[in-house]
1. Over 24 Å from VAL182 (Cα atoms) and either assigned to a loop (DSSP other than H, G, I, E, B) or without any contact (Cβ under 8 Å) to a residue 12 or more places away in the chain (or both) - does that describe any residue in the range 135-143?
2. Could you run through the range 111-142 and say how many residues are exposed (fewer than 15 other Cβ atoms within 10 Å of the Cβ) and hydrophobic (A, V, I, L, M, F, W, C)?
3. Filter the strands (runs of 3 or more DSSP E) completely within the range 25-94 down to those with at least 1 residues that are closer than 21 Å to ALA143 by Cα, touching a residue at least 60 places away in the same chain (Cβ under 8 Å) and of a type in the set (Ser, Thr, Tyr).
4. Quick check on the range 155-204: of everything there that is touching a Leu at 6+ places or on another chain (Cβ under 8 Å) and of a type in the set (Ser, Thr, Tyr), which residue is surrounded by the most Cβ atoms within 10 Å (Cβ to Cβ)?
5. Please go through the range 174-200 and give me each residue that is aliphatic (A, V, I, L, M) and closer than 12 Å to ASP149 by Cβ, ordered by number.
6. So is SER157 among the hydroxyl-bearing types (Ser, Thr, Tyr), closer than 24 Å to THR31 by Cβ, in contact with a strand residue (DSSP E or B) (Cβ under 9 Å, 6 or more places away or on another chain) and not in a helix (DSSP H, G or I) or not?
7. Restricting the search to the range 121-176, which residues are among the aliphatic types (A, V, I, L, M) and under 26 Å from GLY40 (Cα atoms)?
8. Name every residue in the range 118-142 that is in contact with a Leu (Cβ under 7 Å, 6 or more places away or on another chain) and among the charged types (D, E, K, R), in order of residue number.
Amino acid sequence: MRGGAALALVTLAGCAIGERALVAPGPDQATVLLISGGLGHPIEAIARHPWFAVRPAGAARWQVWEVGGGGETDAPFDNPPYVEPILHGVWRGAAAERAIACLAREAPPWLAALDYRGWPGPNSNTFGDVMLRRCDLHASLPATAIGKDWRGWVGASWTSEGTGVQVEAAGFGLRVGLFEGVEVHALGLAFGVDLWPPALIVPLGGGRLGFADR
């Protein structure tokens, strides 16, 4: 019985109502996408990796910014070895143009200076969260993006959604915000309640039980 309940939770955590369709917008406007993919079997349900795919207006190919990869691609959602991609954010037009310039400025030095640690961070998810905040792109990475909340051994900041604050210390932390709701962090795992769109935050699958993030 317990095993069946756990399996059901894992399955449900990979689903969210109103999840964004994986369709790349046309090249008529500058575009920035925030995508994450599972790390592959057997940990695809508990750990994810993010990347930004950017394309100036009229360009034919996408530039990918991420830890451990990057470069140009024709398929922004296809990023082996990561599986089951989820689209977390789309920015178009002037907002995307500003973000493309910001990522080109901020990502290379951050990546060059990265002292990578898979847990508790900094890692690829830390990169995603840092770029969201530095480039004023309001979105959240899922609870399974372990390392997204790394602020050093002790630190605080605005949230990546831009309507809250979070405090982190030695593997434990708290995030509170108008849209973000309340999220508790313990040893890299996140649990909580998202206020808008409403959902339970769980460290499995897509990280949400409820409505997909914006």
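1. Taking every residue of the range 135-143 in turn, none turns out to be over 24 Å from VAL182 (Cα atoms) and either assigned to a loop (DSSP other than H, G, I, E, B) or without any contact (Cβ under 8 Å) to a residue 12 or more places away in the chain (or both).
2. Looking only at that region, the number is 3.
3. Details: elements: 31-38, 48-55, 62-65, 71-73, 83-92.
Ranges flagged: 31-38.
4. SER160
5. Filtering the range 174-200 for residues aliphatic (A, V, I, L, M) gives 174, 176, 178, 182, 184, 186-187, 189-190, 193, 195, 199-200.
Residues satisfying the conditions are LEU174, VAL184, ALA186, LEU187, LEU189, ALA190.
6. Details: among the hydroxyl-bearing types (Ser, Thr, Tyr): yes; closer than 24 Å to THR31 by Cβ: no; in contact with a strand residue (DSSP E or B) (Cβ under 9 Å, 6 or more places away or on another chain): yes; not in a helix (DSSP H, G or I): yes.
So SER157 fails the test.
7. Taking the range 121-176 first, the residues among the aliphatic types (A, V, I, L, M) are 130-132, 137, 139, 141, 143, 145-146, 154, 156, 165, 167, 169-170, 174, 176.
Result: VAL130, MET131, LEU132, ALA139, LEU141, ALA143, ALA145, ILE146.
8. ASP129
Laboratory data are not the source of any read-out in this text; all were calculated from the coordinates shown. Quick caveat: nothing in here was measured; it's all calculated off a predicted structure. Counting neighbours? That spans all protein chains shown, and the Cβs are built from the backbone with ideal geometry, glycine included.
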